[in-house]
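The values are calculated or read from the model by the stated rules, or taken from the named source; none is laboratory data. Small disclaimer: the values here were computed from a predicted structure and weren't measured. Glycine also receives a Cβ, built like all others from the backbone with ideal geometry; neighbour counts cover every protein chain displayed. Each accessible area value is taken on the protein alone, full model and side chains, heavy atoms only, with ligands, DNA and RNA left out. Shrake-Rupley method; radii C 1.70, N 1.55, O 1.52, S 1.80 Å.
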Amino acid sequence: MSLQVGVLGYRFMGKAHANAMARLPMFFPDAPEIERSVLIGRDEDALNDAADQLGFERTATDWEDVVDEVDVFYNLGPNFVHAEPSIAALEAGTPVFCEKPLAPTLEAAEEMADAARHAGSDVPAGCAFNYRFVPAIQYAKGLLEAGELGEIHHVRGQYLQDWLIDPDAPWSWRNDEEMAGSGSLGDLGAHTIDLIRFLVGDDDLAGDIDRLSGHLQTFVDERPVPGAEGSALDSAGGDSTETKPVTVDDAYSAQLEFENGAMGVLEASRFANGHKNDHSIEIHGSKGSLKFSLERLNELEVLREDSRGYETILVTDESDPYVEHWWPPGHVIGWEHTFVHENYEFLSAVENGDEFNPSFEDGLAVQRVLSAIGDSDERGEWVTLE
């Protein structure tokens, strides 16, 4: 029987995941059969248009009518609606796939993880850190687990964008602490923290993050309300007269100390002029190093022991993770394919009643780091993670 999938949210992430679901039977023939059953949102007109475009059978304007009727519930809404619907679905025994960060606050993330524990291991609860499923990242994970880099000394991660650098860019929920939880820290930093945990979090590599120091910065304190009368965004033109405060960070940086003695430096910004979606990771060890950039996601740069320089590996061979499902060697894949990979893994876990990672526990672990970075900035001192 097909899995009936209900999806909350139909904008950026809704489109990304719906596209992935449509591609699964074409490229992953062993994937579970699914039906895009119901699309959930508030605006009925926009919802109906989105359902037609994204291939959903019907729509609903209240998630409470859906979570106990479908076989799988995708929570792709804004951060502030992650907790309540996800918890309700898990309490109904419905597997949940929730976008990152898991929640706007540590308290809400703890409640979500607790609901997942009570639901049991046969009810998967996944957090959508799609960059784990880049073939080059999976390849890097294999090198690290095989000890190719030796003892880990340095970990660097940065995620740079520039879409908010214009001070007249409109205010949105992403600029509000109550709705988003944080700015670049949670929006971008969550991805970096999860990748660092995934790659070097094992005890025989860098281990857990032991303590950290964080700094947050907001460059524009208020932004115009889109469509407000008299605002710069109003079709009538004129000077901006109505604004809302920006209560989250535009950029963050953090220094990390890992359990096994490695050092880490992280940063993210939505004000990095000239960077569109530049997510990069560097890991340096006693025997070698590696570098990855999302803007060149089919490549991994590797420095091996006794080598004079980095080798650029094109991770597109059939033997590389996931690549056998796509094109001949050298025919690269893109950002959207990472969603196909994670949907394949999550929906397979649902069908088989298996555990899925990254789980809500992983999402909670990331949230603890996000919270500690914020605490460190407020206190002006290093913070130890419990």
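Filter the stretch 342-360 down to the residues that are under 14 Å from the mean Cα position of the chain (by Cα) and of a type outside the set (Gly, Ala, Ser) and list them by number.
Glu342, Asn343, Asn357, Pro358, Phe360
On the basis of being in contact with a strand residue (DSSP E or B) (Cβ under 9 Å, 6 or more places away or on another chain), of a type in the set (A, V, I, L, M, F, W, C) and part of a strand (DSSP E or B), does Phe56 make the cut?
It is false that Phe56 is in contact with a strand residue (DSSP E or B) (Cβ under 9 Å, 6 or more places away or on another chain), of a type in the set (A, V, I, L, M, F, W, C) and part of a strand (DSSP E or B).
Does Glu351 meet the test of being assigned to a helix (DSSP H, G or I), open to solvent by 40 Å² or more (accessible area, probe 1.4 Å), in contact with a Phe, Trp or Tyr (Cβ under 9 Å, 6 or more places away or on another chain) and closer than 30 Å to Thr94 by Cα?
Taking the combined requirement at face value, the residue does not satisfy it.
Within the stretch 87-96, is even one residue open to solvent by less than 20 Å² (accessible area, probe 1.4 Å) and within 16 Å of the chain's Cα centre (by Cα)?
Checking the stretch 87-96: at least one residue is open to solvent by less than 20 Å² (accessible area, probe 1.4 Å) and within 16 Å of the chain's Cα centre (by Cα).
What tally of residues in the stretch 354-370 results from selecting those that are within 18 Å of Asp210 (Cα to Cα) and open to solvent by 30 Å² or more (accessible area, probe 1.4 Å)?
The total comes to 2.
Do you know which residues across the stretch 59-83 are over 24 Å from the mean Cα position of the chain (by Cα) and open to solvent by 30 Å² or more (accessible area, probe 1.4 Å)?
Thr59, Thr61, Asp62, Glu64, Asp65, Asp68, Glu69
State all residues of the stretch 268-279 that are surrounded by fewer than 22 Cβ atoms within 10 Å (Cβ to Cβ) and outside any loop (DSSP other than H, G, I, E, B); if no residue qualifies, say none.
Correct list: Asp278 only.
Can you pull out the residues in the stretch 1-53 that are within 23 Å of the chain's Cα centre (by Cα), assigned to a helix (DSSP H, G or I) and charged (D, E, K, R)?
Across the stretch 1-53, the qualifying residues are Lys15, Arg23.
Can you run down the residue pairs with Cβ atoms below 7 Å, 6 or more apart or on separate chains, where the first is in the stretch 241-259 and within 10 Å of Arg223 (Cα to Cα) and the partner is open to solvent by 10 Å² or more (accessible area, probe 1.4 Å) and part of a strand (DSSP E or B)?
Between residues of the stretch 241-259 that are within 10 Å of Arg223 (Cα to Cα) and residues that are open to solvent by 10 Å² or more (accessible area, probe 1.4 Å) and part of a strand (DSSP E or B), the close pairs are Thr243/Glu222; Lys244/Glu222; Pro245/Glu222; Val246/Glu222.
Quickly run through the stretch 297-314 and pick out the residues that are among the basic types (Lys, Arg) and under 18 Å from Leu144 (Cβ atoms).
Arg304
With respect to Val265, determine if the residue is modelled with pLDDT of 95 or more, surrounded by 19 or more Cβ atoms within 10 Å (Cβ to Cβ) and closer than 30 Å to Leu385 by Cβ.
no
Conditions (1) farther than 20 Å from Leu76 by Cβ; (2) touching a Gly at 6+ places or on another chain (Cβ under 6 Å); (3) touching a residue at least 60 places away in the same chain (Cβ under 8 Å), marked per residue:
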| residue | (1), (2), (3) |
| --- | --- |
| Met112 | no, no, yes |
| His118 | yes, no, no |
| Tyr131 | no, no, yes |
| Gln138 | yes, no, yes |
| Gly150 | yes, yes, yes |
| Ile165 | yes, no, yes |
| Trp173 | no, no, yes |
| Gly186 | no, no, yes |
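Just one of (1) under 30 Å from Arg211 (Cβ atoms); (2) open to solvent by less than 70 Å² (accessible area, probe 1.4 Å) trips up Phe346, so point out which.
It is condition (1) that Phe346 fails.
Within the stretch 35-58, how many residues are open to solvent by 50 Å² or more (accessible area, probe 1.4 Å) and either of a type outside the set (Lys, Arg) or closer than 10 Å to Tyr10 by Cβ (or both)?
The qualifying residues number 9.
Assigned to a loop (DSSP other than H, G, I, E, B), open to solvent by 20 Å² or more (accessible area, probe 1.4 Å) and over 23 Å from Met21 (Cα atoms): which single residue out of Glu148, Glu107 fits that description?
Glu148
If a residue must be open to solvent by 10 Å² or more (accessible area, probe 1.4 Å), more than 18 Å from Gln53 (Cβ to Cβ) and not hydroxyl-bearing (Ser, Thr, Tyr), how many such residues does the stretch 1-31 contain?
Number of matching residues: 9.
For the stretch 116-127, indicate whether the set of residues that are surrounded by fewer than 21 Cβ atoms within 10 Å (Cβ to Cβ), under 19 Å from Glu351 (Cα atoms), modelled with pLDDT of 95 or more and of a type in the set (Val, Ile, Thr) is non-empty.
Checking the stretch 116-127: at least one residue is surrounded by fewer than 21 Cβ atoms within 10 Å (Cβ to Cβ), under 19 Å from Glu351 (Cα atoms), modelled with pLDDT of 95 or more and of a type in the set (Val, Ile, Thr).
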